[in-house]
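What follows is a set of notes on a single structure, which appears directly below.
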Amino acid sequence: MNSKIYITVGHYGSGKTEYSVNYALHLKKTYDKVFLVDLDIVNPYFRSNDARSLLESSGITVIAPDYAGTNVDIPALPPDVMRIFNVDDAAIVIDVGGDDDGAIALGRYKRFFDDADVSVSLVVNTRRPLSGTIEEIIEMKENIELSSRLSVTDLIADTNISDETTKEIIEEGYKIVKEVSKHLNIPIKYVVSAIDENFSEEVNNKLFKIERKLLKI
Amino acid sequence: MAEKVLVKGNEAIAEAAIMAGCRYFFGYPITPQTEISAYMAKRMPKIGGVFLQAESEVSAANMVYGAAGAGARVMTSSSSPGISLKAEALSYMAGADLPCVVINIVRAGPGLGGIQPSQCDYFQATKGHGHGDYRVIVLAPSSVHEIVDMTADAFDMADIYRMPVMILGDGMLGQMMEPVVFEKKESGRCVPEKTWATTGTEMKREHNVINSLYIEPNVLEKIVLERYEKYAQIEATEKKYEAYKTDDAEFVLTAYGSVARICKNAVDELRAQGIKAGLIRPITLWPFPSEAYLEHTKNAKGIMSVEMSMGQMIEDVKLAVNGTIPVYFYGRTGGNIPYPNEIIDEVKKIIGGDK
């Protein structure tokens, strides 16, 4: 199997799902086959599966727990996740549940990930409680790595306070994530923004523009 | 944390409780409030506090009884079915005059019901839960920002009046994320020292007793009467509500919590369409701000209670308007959330029907 797997982990509420949905749509521009796997077994509110119809109409295959979004939403992994390890020439985005609790779900697939082309992105919103400082972000990364049995390969700076996000807030978040990046020697893959702004050159070079697909206020 | 951060309603409750000096949390997970426990589990060990996941809601609530008796600022949280289980301890705490803060992030019922937002525990919160002649103060925030201020106030009120205070939210409020600033504000309230708590006599005073058992009818009656004097004082001083565009309103909506926000949109849209609408939002559900209803419906031809239930608060609204104007109802239940256009259509139907 020569497919590329992109795993998104991070603090719950950091923006993993909005990023994953947007990233899957982005990958669809270059890949014929794109999968989005909703592996959130922690929180049944706000999940990738909520964007299922949008994704499917864009030609993306959504794999989610059978009962996602229903009253019998239970922490069980969808059996057809195994499909992704048998598909060629595809891009696969895996949206994982929040924190180390959510990352536990990944451990079960370790032996398959070991043989695959996998990147693990840690999504960081420095304006979320418990992930605002360099120390907290590093602690979160270590806990997620322990429970997922995977190593974080890149960082995604996704600092935002929803509708009130400004250029300054995104730049400030990038600076903190840059410190984390230096400290851990892990590159920053993207700086996520839902707003159009005249960012600094550094941020601009890594900018990944998203549209909010799950929550429209 | 003086800068704006993006937090969930549930996290806001937890952090605001910690800021208010809460160092003991006993709980048991249930959707849609589990983030409160999850946050407490991460934060409490770092600040020398105690987070304990009990073996059941019944145990958690009785641990709250113990900690409250020892004078601690203590909290528990749950969602509807879990609150039913905690009801016994609530009655005992009311009967032993113990302060504590209880959170109910309401989900659809009855029974296990569903995990989506609901307001179907209004009766339980304001009239019921456990047995006996007692009240708890019930606060109904409608935004994450309001949760922060209200949680701090809940702890102060619990200590001042020596009684449980409940914050009644719903799944929508618990799960929604909004930017807030966590700032310690001076409440201006005078919180008395807990001289009644079982903190150890050090052989310097008589021992304190925490108890709700009084076999002698005259003794129990006297204690209950004294407690009701306290409740009368709360009714006289603690009622809170928000009136929105009611001055010239010909038709008034009333709703609490997250539904009040939906109603504000409906009011604005109705006004844009030439219908003078307004909103009364009770912030304290007990004591219920009854007086607000006569004061703010002077020009109104009718009032409609909008709830995520089959109609529970409407009973208090009817008592409050006392027959002066007709009282209507619009509600969704089962975990469904009313949309502004549904409310607008209902208002138009009523107003049209009057002509």
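A few remarks follow.
- Summed residue charge, Cβ within 12 Å of B:Pro289's Cβ, Lys/Arg positive, Asp/Glu negative: -3
- Rounded tilt (10° steps) of B:144-161 against the dominant C-alpha axis of chain B: 50
- Residues of segment B:153-194 buried by at least 10 Å² on assembly (accessible area, 1.4 Å probe, chain alone as reference): B:Gln175, B:Met177, B:Pro179
- Chains A and B together bury roughly 2000 Å² of accessible area, counting both sides, with a 1.4 Å probe on protein heavy atoms only.
- Averaging the sequence gap over all C-alpha pairs within less than 8 Å and six or more residues apart, then dividing by the number of residues, gives segment B:189-322 a relative contact order of 24 percent.
- Inter-label distance for B:Lys184 and A:Glu164, nm, one decimal - labels placed 7 Å from Cα along Cα-to-Cβ: 2.2
- For a label point 7 Å along the Cα-to-beta-carbon line of A:Lys110, residues of segment A:134-151 with backbone N under 15 Å: A:143-151
- Those lysines that a straight Cα-Cα span of less than 22 Å connects to B:Lys276, excepting residues fewer than 8 apart in one chain: B:Lys245, B:Lys264, B:Lys298, B:Lys301, B:Lys318, B:Lys348, B:Lys349, B:Lys355
- DSSP beta bridge pairing in the protein assembly as shown, given as percent antiparallel to the nearest 5: 15
- Helix-only CD estimate at 222 nm, as mean residue ellipticity for chain A, using -39500 (n - 2.57) per DSSP H run (n ≥ 4): -9500 deg cm²/dmol
- Largest accessible area first, the residues B:His131, A:His26 order themselves as B:His131, A:His26 under a 1.4 Å probe with ligands, DNA and RNA left out.
- Label positions at B:Met310 and B:Lys298, each projected 7 Å from the Cα along the C-beta direction, are separated by 3.9 nm.
- On Cα atoms only, tilt of B:80-95 relative to the major axis of chain B in degrees: 60
- Estimated from the Cβ-Cβ distance and a Förster radius of 51 angstrom, the FRET efficiency linking A:Glu202 and B:Glu202 is about 0.25.
- For B:Asp153, A:Asp163, the ranking by accessible surface with the largest value first comes to A:Asp163, B:Asp153, using a 1.4 Å probe.
- Relative contact order [Cα under 8 Å, 6+ residues apart], segment B:69-126, whole percent: 35
- Anisotropy class of segment B:242-354 from Cα gyration tensor, a/c 1.5 cut: rounded
- Solvent-accessible surface, computed for protein heavy atoms with a probe of 1.4 Å, shrinks by 50 Å² or more for the following residues of segment A:9-52 when the other protein chains are added to the isolated chain: A:Tyr12, A:Tyr45.
- Averaging the sequence gap over all C-alpha pairs within less than 8 Å and six or more residues apart, then dividing by the number of residues, gives chain A a relative contact order of 25 percent.
- If the segment from B:Asp149 to B:Ile47 were pulled out straight at 0.36 nm per residue, it would be longer than the present Cα-Cα gap by 34.6 nm.
- The label point for B:Asp268 and the one for B:Glu216, both projected 7 Å from the Cα toward the Cβ, are 6.2 nm apart.
- Helical content of chain B, expressed as a calculated mean residue ellipticity at 222 nm, amounts to -12500 deg cm²/dmol (DSSP H runs of 4 or more residues, -39,500 (n - 2.57) each, divided by residue number, nearest 500).
- Residues B:Ala232 and B:Ile351, FRET efficiency given R0 of 45 Å [Cβ-Cβ distance, rounded to 0.05]: 0.70
- Residue-normalised accessible area of chain A, given per residue in Å² at a 1.4 Å probe: 44
- Accessible area of segment A:4-209 belonging to carbon and sulfur atoms, whole % at 1.4 Å probe: 48
- Per-residue SASA entry for B:Arg189, accessible area with 1.4 Å probe, Å² rounded to 10: 70
- For B:Ile262, neighbours were defined as the other residues whose beta-carbon sits under 14 Å from its Cβ, and their charges (Lys and Arg +1, Asp and Glu -1) total -3.
The values are calculated or read from the model by the stated rules, or taken from the named source; none is laboratory data. This one's a predicted model, so the numbers in the text were calculated from it and none came from an experiment. Cβ coordinates were reconstructed from backbone atoms using ideal geometry, including for glycine residues, and neighbour counts include every protein chain displayed. All accessible areas refer to the heavy atoms of the entire protein, side chains included, with ligands and DNA or RNA removed. Shrake-Rupley method; radii C 1.70, N 1.55, O 1.52, S 1.80 Å.
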